Amino acid sequence: MTLLRRRSVFAAKTETTIGTPIALGAADGVYNAIDFQITPNIGMTRREGQGGFNYYESVPEGMQGTCTITHHMTYDGTNVPTWASVLLPACGFIDAAGVFSPVSGGIPKTLTIGHYHDGKLRQLSGAMGNFVITCPTGQAAMIVFTFTGKYTTNETDVTLIAPTYPTAPVLRFADGSVTWDAVTLCTSSVTVDAGNSVIMRECAESGNRTGYVSALITNRAPIITADPEALIVATQDRDAKWLEMTTAAFALTLNATGSATVVIGAPAAQIENKQPGNRNDLITDDLTWLASAGSSVDTELTITFTATA
C-alpha cells in the first residue's frame with residue numbers, strides 16, 4: 001500500500017496528568033496545520049563484539065521526539081482560536097480573558113500530539129515547546145510551533161481521522177501596525193520568537209520505556225526582529241536608544257473581523273543589536289530587541305485577542 005504525505009491530519013490535546021498520554025480522536029483534529037511532522041529522536045548505544053570488527057545489537061537510549069507545526073494565525077473576532085487555546089499554554093503562555101502571558105514555574109501544560117498519516121498514527125506525549133511568529137508585510141501571518149516530547153509508543157495502524165477545519169479568517173499583516181517607543185515602523189517583516197528553552201526531564205518509572213517524565217520549559221528570552229526604514233536622528237535616535245539601554249513599548253497589531261485585533265506586545269523591548277540594511281536601495285535598520293522585564297514578573301511578552309466591540 002502506498003502512503004501519501006498529503007493524507008495527513010494533525011491532532012493535539014492537553015493532558016490531564018503531566019506526561020501521561022491522553023486519547024486522541026477526531027474532535028482533537030481542529031487545526032489547519034499547513035506543514036507538520038513528528039520526528040523520533042532516539043540515540044542508539046553500539047556494543048562492540050570481540051575477536052573482530054563485529055557488533056552486538058545496539059541499545060536504544062532515551063526515547064523522545066520533536067513535532068514542528070506551521071499554522072496560519074487566525075481569529076474570528078469573537079472566540080479565541082484553538083491553535084492559541086491549546087498550543088500556546090504548552091509553550092508556557094496562559095490565557096486570562098483573551099490575554100496570553102508567560103509563566104515561570106507553576107504547573108505546566110503538556111500535550112499529547114498525533115500525526116495521522118494515511119493509515120498510521122505517530123504520536124508524542126508530555127510535550128512542551130516554543131513558537132515563532134512571522135509576519136511578512138502584505139502576507140498571511142504565520143506561527144511555527146516546535147514541541148519536544150516523549151516517544152511513548154511505536155507507530156500504530158489507525159484509520160485517518162476527518163479534520164475539522166477552522167472557519168476563522170487568516171490574519172494578513174497589511175491592515176495593522178508596528179510601533180516601538182511610540183514611533184511607527186515601516187518594515188518588510190517582523191519575527192517574534194518566544195525564546196523558550198525546553199528540556200526533557202529524565203526519570204526511570206515503572207511502565208515507562210522512554211526514560212523521561214515529560215518536557216519542561218526552564219528559561220525564556222523573547223526576541224523580536226524587524227527591518228524598519230531608517231529614520232533621521234531627530235525622529236528616532238536609535239543609536240542612542242541602543243547604546244543607552246533604553247526600553248520602550250513594542251506593539252504589533254493585526255486587525256481582524258470588525259474592530260477585533262490580535263496584538264503582540266512587549267512593554268519593555270530593548271534594542272540589543274542595530275545594523276545598517278539595504279532593501280532594494282532603501283536604507284533600513286536591521287533591529288533586534290529583547291523583550292525585557294515589564295512592570296511585574298512574567299509580563300515581558302503578551303498576545304492579546306480583543307473581540308469586536
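The values are calculated or read from the model by the stated rules, or taken from the named source; none is laboratory data. Predicted model, so just to flag it, every value in this text is computed and none were measured. Glycine also receives a Cβ, built like all others from the backbone with ideal geometry; neighbour counts cover every protein chain displayed. Heads up: the accessible areas ignore ligands, DNA and RNA and are worked out on the full protein's heavy atoms, side chains in. Shrake-Rupley method; radii C 1.70, N 1.55, O 1.52, S 1.80 Å.
Kindly indicate whether A127 is among the small types (G, A, S) and either in contact with a helix residue (DSSP H, G or I) (Cβ under 7 Å, 6 or more places away or on another chain) or under 19 Å from D28 (Cα atoms) (or both). It is true that A127 is among the small types (G, A, S) and either in contact with a helix residue (DSSP H, G or I) (Cβ under 7 Å, 6 or more places away or on another chain) or under 19 Å from D28 (Cα atoms) (or both).
Hey, among T184, T156, which residue is farther than 30 Å from D118 by Cα, open to solvent by 40 Å² or more (accessible area, probe 1.4 Å), without any contact (Cβ under 8 Å) to a residue 40 or more places away in the chain and more than 22 Å from the chain's Cα centre (by Cα)?
Numbers: T156 fails: farther than 30 Å from D118 by Cα.
Being farther than 30 Å from D118 by Cα, open to solvent by 40 Å² or more (accessible area, probe 1.4 Å), without any contact (Cβ under 8 Å) to a residue 40 or more places away in the chain and more than 22 Å from the chain's Cα centre (by Cα) holds for just one of T184, T156, which is T184.
Given the structure, is I264 within 21 Å of A141 (Cβ to Cβ) and open to solvent by less than 40 Å² (accessible area, probe 1.4 Å)? Yes.
Of the residues making up region 206-226, just one is of a type in the set (A, V, I, L, M), closer than 17 Å to T153 by Cβ and open to solvent by less than 20 Å² (accessible area, probe 1.4 Å), namely A215. Screening G106, G77, G98 for residues that are surrounded by fewer than 20 Cβ atoms within 10 Å (Cβ to Cβ) and without any contact (Cβ under 8 Å) to a residue 24 or more places away in the chain leaves exactly one candidate, G106. Determine, yes or no, whether T191 is under 30 Å from G258 (Cα atoms), at pLDDT below 95 and either out of contact with any His (no Cβ under 6 Å at 6 or more places or on another chain) or in a strand (DSSP E or B) (or both). No. Among the residues of region 291-306, the one identified as at pLDDT 95 or above and either open to solvent by 40 Å² or more (accessible area, probe 1.4 Å) or basic (K, R) (or both) is T306. Within region 9-52, being surrounded by 14 or more Cβ atoms within 10 Å (Cβ to Cβ) and part of a loop (DSSP other than H, G, I, E, B) holds for E15, I18, G19, T20, P21, I22, L24, G29, V30, Y31, N32.
Apart from one condition, H71 fits all of (1) more than 12 Å from I303 (Cα to Cα); (2) open to solvent by 30 Å² or more (accessible area, probe 1.4 Å); the exception is (2). Screening Q270, Q236 for residues that are assigned to a loop (DSSP other than H, G, I, E, B), open to solvent by less than 50 Å² (accessible area, probe 1.4 Å) and in contact with a strand residue (DSSP E or B) (Cβ under 8 Å, 6 or more places away or on another chain) leaves exactly one candidate, Q236.
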